[in-house]
Amino acid sequence: MRHGVAWVIMRAEIDRPIGMFDSGFGGLTVARAVIDQLPNENLVYIGDTARYPYGNKSAGDVRGFAIELATSLVRDFNVKMIVVACNTAASVALEELQRTLPVPVIGVVEPGARALVRVTRNNKVGVIGTVGTISSRAYDRAIADTKASVSLIAAACPGFVEFVERDQTTGIEVFELAEKLLTPVRVSGVDTLLLGCTHYPYLSSVISQVMGPDVVLVSSAAETAFVVRDELAAAKTARSVESGNLGSHEFYSSGDVKHFAELGRRLLGPELANAKYWPNK
Ligand code: DGL
């Protein structure tokens, strides 16, 4: 009997969802990787589209949004882990969230930095991100923490996120902006470029056109999903693969829910069947 009770408690624990948030659609790149790698996990995703973009807001504002979203994921959705699927928010709020929340909190900056130094062959690497991420210097610190001896060039790409949120990921306008912003990175001779904003993988065809075929683009999504997998395994809170129960996926948006569901489904795939309004769950 006691064993039965323990099993029920354990079951309830592992069935709790993973919580994830971003300013909008960008974190769906991380959600995709987590769903692919951990198909049995339940997931709750919030896109804060009413307040996007985060990249040009003050660090204090973004920290406030991150705390509000993460607190809601814990309080309203009982998540077992939080993934800050936004470089801008992770750059300024990760440590505080890790210190104050009662569940593990994972960011995208460190996993991305580790992947970047692993992939480079000439030890010249680049990172692109929002103005907020680049000016926080979070990547300089994360790269230094890897102890790899690489030289890093960082460039902010204001405007990229807005193109993605408008569903404009190809065409002359986005190409011209990419060429203007990325040329200094290309001429610096990097052989690897980290997409340090979770929106940017949706622009990878334009970015690789500008950077050329010899530059490898690295996204932090898959790497972050590996960290999620390992942390769940270490905490013994992973949902069992043998159960055959596929996870359920819930998506919330603080802005236009219809637009979020329509564009989100095209970007993420069929798991985003519909979206609900946050904060009214
Ligand atoms: N996807 C985000 C990031 O990784 C946020 C971009 C924004 O809202 O400006 O930084």
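Listed here are the residues, each with its yes/no results for (1) closer than 28 Å to GLU242 by Cα; (2) aromatic (Phe, Trp, Tyr); (3) in contact with a helix residue (DSSP H, G or I) (Cβ under 6 Å, 6 or more places away or on another chain).
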| site | (1), (2), (3) |
| --- | --- |
| GLU13 | yes, no, no |
| ARG16 | yes, no, no |
| VAL30 | yes, no, yes |
| GLU68 | no, no, no |
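If I filter region 44-62 down to residues being crowded, with 17+ Cβ neighbours inside 10 Å and within 13 Å of ALA93 (Cα to Cα), which single residue comes out as nearest to the ligand (Cβ to nearest atom)?
Looking at residues that are crowded, with 17+ Cβ neighbours inside 10 Å and within 13 Å of ALA93 (Cα to Cα), I get TYR54.
Going by what's in this entry, would VAL105 be described as closer than 21 Å to LEU73 by Cβ and touching a Leu at 6+ places or on another chain (Cβ under 8 Å)?
Working: closer than 21 Å to LEU73 by Cβ: yes; touching a Leu at 6+ places or on another chain (Cβ under 8 Å): yes.
Yes; evaluated as a whole, the condition is true for this residue.
Please count how many residues of region 181-190 are in a loop (DSSP other than H, G, I, E, B) and crowded, with 16+ Cβ neighbours inside 10 Å. Before you say what the answer is, go through the steps one by one.
Of the residues in region 181-190, the ones in a loop (DSSP other than H, G, I, E, B) are 188-190.
Okay, now just the ones that are also crowded, with 16+ Cβ neighbours inside 10 Å, so 190.
Here the count works out to 1.
For region 95-109, which residues satisfy the criterion of being touching a residue at least 40 places away in the same chain (Cβ under 8 Å) and part of a helix (DSSP H, G or I)?
Listed by number, the list holds a single entry, VAL109.
So, of the residues in region 66-94 that are without any contact (Cβ under 8 Å) to a residue 40 or more places away in the chain and open to solvent by 10 Å² or more (accessible area, probe 1.4 Å), which turns out to be nearest to ALA222 (Cα to Cα)? Before you say what the answer is, go through the steps one by one.
Here is the first cut: in region 66-94, the ones without any contact (Cβ under 8 Å) to a residue 40 or more places away in the chain are 67-68, 71, 75, 93-94.
Right, trim to open to solvent by 10 Å² or more (accessible area, probe 1.4 Å) and you get 67-68, 71, 75, 94.
Numbers: ILE67: 25, GLU68: 26, THR71: 25, ARG75: 27, LEU94: 19 Å.
Taking the candidates together, the pick is LEU94.
Which one is most open to solvent (accessible area, probe 1.4 Å) among residues in region 132-148 that are among the aliphatic types (A, V, I, L, M) and farther than 16 Å from SER58 by Cβ? Steps first, answer last, please.
Going residue by residue through region 132-148, those that are among the aliphatic types (A, V, I, L, M) are 134, 138, 142-144, 148.
So of that shortlist, the ones also farther than 16 Å from SER58 by Cβ come out as 142-144, 148.
On the way: ALA142: 7, ILE143: 11, ALA144: 63, ALA148: 38 Å².
Applying the filter and picking the extreme gives ALA144.
For region 153-178, which positions are open to solvent by 30 Å² or more (accessible area, probe 1.4 Å), without any contact (Cβ under 8 Å) to a residue 60 or more places away in the chain, within 16 Å of the ligand (Cβ to nearest atom) and assigned to a helix (DSSP H, G or I)?
LEU177
Here is a check on your reading of the model: is LEU181 without any contact (Cβ under 8 Å) to a residue 60 or more places away in the chain and within 16 Å of the ligand (Cβ to nearest atom)? Before you say what the answer is, go through the steps one by one.
Working: without any contact (Cβ under 8 Å) to a residue 60 or more places away in the chain: yes; within 16 Å of the ligand (Cβ to nearest atom): yes.
Yes, satisfied.
Confirm whether SER149 is within 14 Å of the ligand (Cβ to nearest atom), farther than 30 Å from LYS80 by Cα and either assigned to a loop (DSSP other than H, G, I, E, B) or modelled with pLDDT of 95 or more (or both). Outline the logic, then answer.
Details: within 14 Å of the ligand (Cβ to nearest atom): no; farther than 30 Å from LYS80 by Cα: yes; either assigned to a loop (DSSP other than H, G, I, E, B) or modelled with pLDDT of 95 or more (or both): yes.
The answer is no for SER149.
Within region 107-125, take every residue that is open to solvent by 10 Å² or more (accessible area, probe 1.4 Å) and among the aliphatic types (A, V, I, L, M) and give me the one that is nearest to GLY64 (Cα to Cα). Talk me through it step by step, then tell me what you get.
Quick first cut of region 107-125, residues open to solvent by 10 Å² or more (accessible area, probe 1.4 Å) only: 110, 114, 117-124.
Checking the rest, the ones that are also among the aliphatic types (A, V, I, L, M) come to 117, 119.
On the way: VAL117: 31, VAL119: 34 Å.
Restricting to residues being open to solvent by 10 Å² or more (accessible area, probe 1.4 Å) and among the aliphatic types (A, V, I, L, M), the top hit is VAL117.
The values are calculated or read from the model by the stated rules, or taken from the named source; none is laboratory data. Given the structure is predicted, the values throughout are model-derived calculations rather than measurements. Reconstructed Cβ throughout: ideal geometry from the backbone, glycine too, with neighbour counts over all protein chains shown. Side chains included, ligands, DNA and RNA excluded: accessible areas come from the protein's heavy atoms. Shrake-Rupley method; radii C 1.70, N 1.55, O 1.52, S 1.80 Å.
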